[in-house]
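The structure appears right after this line, and notes come after that.
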Amino acid sequence: MKRIKHIFDLIRRIFRSRGVDRPIYFCVILLAIYGIVMIGSASVGSTAKYGANYAIMNMAKQAIFVFIGLGIMIFFTRCFKKSWINEYTTWILYIIGFILLLACLLFDDVNGSKAWIHIGSSFTIQSSEFMKIILILFLSYHFGEIEEYCVIPKNISIEKRHSMYLRKIWYCILRPVIACLAAFGVVALAQSDLGSALIIAFICLGLFYVTPRPFYRKFKKIVSVMLVALCVVFAFLAGFVLKSHQLARFTSWLNPLSDALGDSYQLVNSMIAFTNGGLFGLGFGNSQQKYGFIPESHNDFIAAIIYEELGLVGFLVFLIPYCIIIYRLFQYGLKIKDTKSKLILYGVGLYFFAHLIINVGGVSGLIPMTGVPLLLISYGGSSLWAAMIGLGICQSIIAKYNRDLLKAQIE
């Protein structure tokens, strides 16, 4: 009993940091533990193919990923400073992230996508997951701070004003747009990872629209018109632009039963899993679809296995903590005045929101399947560590805000 108490005291000291948002910590730990358990259950269906210890091995690996991820999150919570995000560091991070994206092209594809760097025979790194966090930090500086340095004086000539205005557009608009398009292009076209590319686009556009700087208002209107036009053009040219396997995702989504044994196989069986689940599910470990009907069910399709085994109740066990994390990040984003910090909180919130909607929407048939992990729950270290880094940075910002608020109230 003394040893258990000592362990709990140690954990309490590790997570005790003045000003952090404890509900976020609680939800992260709950989701991580829930993920380990459900990964073990989902992996049982593949033991006939990969061996009797497959489920235990996956649980052990995920537990190690979680342990390392928690350490990373605590490090950034205690050590991160917003001054780290500046002109020099953002470009260094972006270049490193972009090189890692290109490095994936040197390795063999997995299910038609070259999105992973292979280290040894059993460990892979999905660089696009880290690029999402890098772009959040990159854009938080370019949309949130650099505009302050590009102030155009009033008492200068028209020619000089025009020159400075063009310079401001380059630094505040064109340069970040080019950086985002380059990352999107590599992920979508070279890596053939449409799901990650869509999330990158969603985060970048979201941060552009939520930045409160008045300078961006007219550009937001221009971008809105361009997006509408792009959607119309895409609707007519989708058959020519998309590759055959990407186009198949749309056709299988619109009519899943048209090719239930082909392109729609995973989606149809995932929908069956949701149908089997009901309110309370078939019982923990009793999923039928994990036995070969949903390949790699411990990864992108783990939400379907959760619903089949634990029903709507089990589904809400991870959905509610997810929503709490997103809500708390957006709530602090509204409170904090510093634009750079605000955009980081919004960006990580958008990151979690996009993964939740695209993953759950895809496996349930509400939107076309693109294949992205469910953060903190799906098997894998890259998405877990990227999420932990993002949350650790946010916790550092939140802690500073709460400490400053308390100090102001005392004074």
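The values are calculated or read from the model by the stated rules, or taken from the named source; none is laboratory data. Remember, it's a predicted structure, so these values are computed and weren't measured experimentally. Cβ: placed from backbone, ideal geometry, glycine included. Neighbour counts: every protein chain shown. To get the accessible areas, we keep the full protein, side chains included, count just its heavy atoms, and leave off ligands, DNA and RNA. Shrake-Rupley method; radii C 1.70, N 1.55, O 1.52, S 1.80 Å.
Please determine whether any residue of segment 105-123 is assigned to a helix (DSSP H, G or I) and modelled with pLDDT of 85 or more. Yes, there is a match, as at least one residue in segment 105-123 is assigned to a helix (DSSP H, G or I) and modelled with pLDDT of 85 or more. For segment 294-318, a residue qualifies if it is crowded, with 24+ Cβ neighbours inside 10 Å and either farther than 13 Å from Phe280 by Cα or of a type in the set (Ser, Thr, Tyr) (or both), and the qualifying residues are Ile294, Ser297, His298, Asp300, Phe301, Ile302, Ala303, Ala304, Tyr307, Phe318.
Do we have any residue at all in segment 52-60 that's small (Gly, Ala, Ser) and crowded, with 20+ Cβ neighbours inside 10 Å?
Yes.
Please work out if Val228 is without any contact (Cβ under 8 Å) to a residue 24 or more places away in the chain, under 25 Å from Lys342 (Cα atoms), among the aliphatic types (A, V, I, L, M) and not in a loop (DSSP other than H, G, I, E, B). It is false that Val228 is without any contact (Cβ under 8 Å) to a residue 24 or more places away in the chain, under 25 Å from Lys342 (Cα atoms), among the aliphatic types (A, V, I, L, M) and not in a loop (DSSP other than H, G, I, E, B). For segment 126-139, the criterion of being open to solvent by 40 Å² or more (accessible area, probe 1.4 Å), at negative phi and in contact (Cβ under 8 Å) with a residue 12 or more places away in the chain is satisfied by at least one residue.
Every residue in segment 37-51 that is of a type in the set (Val, Ile, Thr) and open to solvent by less than 30 Å² (accessible area, probe 1.4 Å), please.
Within segment 37-51, Ile39 is the sole residue that qualifies.
Just one of (1) of a type in the set (Val, Ile, Thr); (2) open to solvent by less than 50 Å² (accessible area, probe 1.4 Å); (3) closer than 30 Å to Tyr34 by Cβ fails for Thr90. It is (3). Give all pairs with beta carbons closer than 8 Å in which a residue from segment 104-116 that is in contact (Cβ under 8 Å) with a residue 60 or more places away in the chain meets a residue that is part of a loop (DSSP other than H, G, I, E, B) and open to solvent by 80 Å² or more (accessible area, probe 1.4 Å); count only pairs at least 6 apart in sequence or on separate chains. Close Cβ pairs (under 8 Å, with a partner that is part of a loop (DSSP other than H, G, I, E, B) and open to solvent by 80 Å² or more (accessible area, probe 1.4 Å)) amount to Lys114/Asp108.
Please find, within segment 145-194, the residue that is modelled with the highest pLDDT out of those that are open to solvent by 40 Å² or more (accessible area, probe 1.4 Å) and among the polar types (S, T, N, Q). Ranking the qualifying residues of segment 145-194, first place goes to Ser163.
So, in segment 337-381, exactly how many residues are of a type in the set (Phe, Trp, Tyr) and assigned to a loop (DSSP other than H, G, I, E, B)?
1
The residue list Ser264, Ser287 contains one member that is without any contact (Cβ under 8 Å) to a residue 60 or more places away in the chain, touching a Ser or Thr at 6+ places or on another chain (Cβ under 8 Å) and either buried (at least 20 other Cβ atoms within 10 Å of the Cβ) or not basic (Lys, Arg) (or both), which is Ser264.
I'm checking my understanding of the structure. Among residues of segment 232-266 that are among the polar types (S, T, N, Q) and at pLDDT below 70, which one is nearest to Ser192 (Cα to Cα)?
Per the stated criteria, the residue is Gln246.
The residue that is most open to solvent (accessible area, probe 1.4 Å), among those in segment 271-284 that are in a helix (DSSP H, G or I) and touching a Gly at 6+ places or on another chain (Cβ under 6 Å), is Met271. Residues that are more than 21 Å from Phe26 (Cβ to Cβ) and not hydrophobic (A, V, I, L, M, F, W, C) were ranked within segment 391-411; the one that is most open to solvent (accessible area, probe 1.4 Å) is Glu411.
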